[in-house]
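See below for the structure under consideration.
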Amino acid sequence: MQFDYDKETDSLYITLAPGGSVESEEVSDNIILNFNAQGRVVGIDLQHASQQSDLGNFFISELNIY
């Protein structure tokens, strides 16, 4: 998983899986899901990210892998 913030456009992109997207769907105002050819979500695009959350206070509360 990778987080990329573009200050110029105020967008936060969360990459969930490698590979490109072939389709996008806006599921809420300024929240776009990107899908691969198999229909799996590969990324989340948050437009106007700083208006939706406090980007300076980013943390992962718990991450249990396997």
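The values are calculated or read from the model by the stated rules, or taken from the named source; none is laboratory data. In this text the structure is predicted, and so the values were computed from the model without any measurement. Please note that ligands, DNA and RNA were not included when accessible areas were found on the heavy atoms of the full protein model with its side chains. Shrake-Rupley method; radii C 1.70, N 1.55, O 1.52, S 1.80 Å.
Here the chain exposes an accessible surface that is 48 percent carbon and sulfur, computed with a 1.4 Å probe and the other protein chains kept in place. From its DSSP helices (H runs of at least four residues, each -39,500 (n - 2.57)), the chain gives a residue-normalised ellipticity at 222 nm of -1000 deg cm²/dmol. For the chain, the solvent-accessible area with a 1.4 angstrom probe is 80 square angstrom per residue.
Only one of the values (1) 43; (2) 51; (3) 29 was calculated from this structure for percent of Cα pairs over 21 Å apart; name its label. Computing percent of Cα pairs over 21 Å apart and matching it to (1) 43; (2) 51; (3) 29 gives (3).
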